[in-house]
Amino acid sequence: MALPTEDQALHMSVEELGGHLVVHHKNDAHFNVHNVMCSIDNPPGQFAEKQFDYTKRKTYKQALVEAYSWGFTEGLFTWDPEQMTNNWWRVSRRGQLLKNPTDVLELSSRDILPKAFLHPIIAEKAAPIFRAGNFDSAVFEAFKQVEVAVRDASGEKADSSTLMKVVFNSKAGVLNKLTEGGEREGLMFVFAGAMLLFRNAAGHRNQGLEPQEAAHLLIHASYLLNLLETMIKLDSEASPIAAP
């Protein structure tokens, strides 16, 4: 695959252009970014090039360098270990997985899930599904884990929103340890609403969730598990929830 032209490259995001560069270099044993820049200014087989826009050419080269840098940071390019200097790069094993330039956009989307915001159960059970690109299934699994954790902690046998309305009932919920009336009711609605809006929807139909939406929902499921642990702690049962 040839390098994108100036007009093509300048209309691409850095990620899109990076994907094109990875595919462009996939079959190269190694390459040198400086040599690529020189080949743009001095095309092989031509003694002189027709007049060109210097400013546009400079911007084009800057865009290419930014895309190369992005690709290196993302682990799509590496230094060539067979060379004595770091001037020579090659496409990494991760980069070799890309078949088309646009594949890099999907690859990047799977990296947006911040592990630091995930409860350990969600990190273990749902995050791998997310990173495999199965966003609807990841959300379903995340809220299923919330349901399982609530059921295990409470001993109740109900399911979904019914379970949450019983366990976090504002008047007699076994795990509703808040003291202010409005907050007690709010806690029940937070858990019951999550089952109705997120878990059930993900289990009953294909939603076609975008990566960002799914990531937000996995973080929300993590927050619910943290809330549950807070209620358990207030009930003097401070042992952490273990993944089943």
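Might you check whether a residue that is in contact with a Ser or Thr (Cβ under 8 Å, 6 or more places away or on another chain) and not aromatic (Phe, Trp, Tyr) occurs anywhere in region 95-105?
Looking for residues that are in contact with a Ser or Thr (Cβ under 8 Å, 6 or more places away or on another chain) and not aromatic (Phe, Trp, Tyr), one finds none in region 95-105, hence no.
For region 64-77, name all the residues that are surrounded by 20 or more Cβ atoms within 10 Å (Cβ to Cβ) and among the small types (Gly, Ala, Ser).
Result: 67, 71.
Kindly provide the set of residues from region 27-38 that are outside any helix (DSSP H, G or I) and out of contact with any Asp or Glu (no Cβ under 6 Å at 6 or more places or on another chain), ordered by number.
27, 28, 29, 31, 32 - these are the residues of region 27-38 that are outside any helix (DSSP H, G or I) and out of contact with any Asp or Glu (no Cβ under 6 Å at 6 or more places or on another chain).
What do you reckon, is residue 148 out of contact with any Leu (no Cβ under 7 Å at 6 or more places or on another chain), among the β-branched types (Val, Ile, Thr) and at negative phi?
Criteria met by residue 148.
Just to be sure I understand, how many residues within region 14-39 are of a type in the set (Gly, Ala, Ser) and surrounded by 14 or more Cβ atoms within 10 Å (Cβ to Cβ)?
Selection size over region 14-39: 2.
Looking only at region 6-26, count every residue that is over 28 Å from the mean Cα position of the chain (by Cα) and in a loop (DSSP other than H, G, I, E, B) and tell me the total.
Of the residues in that region, 0 qualify.
What tally of residues in region 202-244 results from selecting those that are crowded, with 18+ Cβ neighbours inside 10 Å, of a type in the set (Gly, Ala, Ser) and either in a loop (DSSP other than H, G, I, E, B) or modelled with pLDDT of 90 or more (or both)?
Qualifying residue count, region 202-244: 4.
Note down all Cβ pairs under 9 Å where the first residue falls in region 208-221 and is under 21 Å from residue 191 (Cβ atoms) and of a type in the set (Asp, Glu), the second is modelled with pLDDT under 90 and not in a helix (DSSP H, G or I), and they're at least six residues apart or on different chains.
Cβ pairs passing all conditions: 213/207.
Return the pair list, or none, for Cβ contacts closer than 6 Å from residues in region 159-176 that are on the phi > 0 side of the Ramachandran plot to residues that are at pLDDT 90 or above, at least 6 apart or on different chains.
Cβ pairs passing all conditions: 160/195.
Each row is one residue, and each column tells you yes or no for (1) in contact with a His (Cβ under 6 Å, 6 or more places away or on another chain); (2) within 30 Å of residue 227 (Cα to Cα); (3) of a type in the set (A, V, I, L, M, F, W, C); (4) modelled with pLDDT of 90 or more.
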position	(1), (2), (3), (4)
76	no, no, yes, yes
116	no, yes, yes, no
119	no, yes, no, yes
125	no, yes, no, yes
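Filter region 30-64 down to residues that are within 21 Å of residue 89 (Cα to Cα) and either touching a Cys at 6+ places or on another chain (Cβ under 9 Å) or at pLDDT 85 or above (or both), then give me how many there are.
16
Determine, yes or no, whether residue 138 is in a helix (DSSP H, G or I), within 20 Å of residue 117 (Cβ to Cβ) and under 24 Å from the mean Cα position of the chain (by Cα).
Spelling it out, residue 138 is indeed in a helix (DSSP H, G or I), within 20 Å of residue 117 (Cβ to Cβ) and under 24 Å from the mean Cα position of the chain (by Cα).
Any residue in region 78-98 that is of a type in the set (A, V, I, L, M), surrounded by 15 or more Cβ atoms within 10 Å (Cβ to Cβ) and assigned to a helix (DSSP H, G or I)?
no
Of everything in region 128-171 that's small (Gly, Ala, Ser) and surrounded by 19 or more Cβ atoms within 10 Å (Cβ to Cβ), which residue is farthest from residue 228 (Cα to Cα)?
138
Applying the selection to region 69-122, what residues are closer than 22 Å to residue 18 by Cβ, of a type in the set (A, V, I, L, M) and more than 18 Å from the chain's Cα centre (by Cα)?
Once the filter is applied, which keeps residues that are closer than 22 Å to residue 18 by Cβ, of a type in the set (A, V, I, L, M) and more than 18 Å from the chain's Cα centre (by Cα), region 69-122 yields only 91.
From the list 137, 69, exactly one residue is at pLDDT 90 or above and either closer than 17 Å to residue 219 by Cα or aliphatic (A, V, I, L, M) (or both). Which is it?
137
Assigned to a loop (DSSP other than H, G, I, E, B) and out of contact with any Phe, Trp or Tyr (no Cβ under 7 Å at 6 or more places or on another chain) - does that describe any residue in region 122-130?
Looking through region 122-130, at least one residue is assigned to a loop (DSSP other than H, G, I, E, B) and out of contact with any Phe, Trp or Tyr (no Cβ under 7 Å at 6 or more places or on another chain).
The values are calculated or read from the model by the stated rules, or taken from the named source; none is laboratory data. Predicted, not measured: the structure shown is a model, and the values here were computed from it. For neighbour counting, all protein chains shown are included, and Cβ atoms are generated from backbone atoms with ideal geometry for every residue, glycine included.
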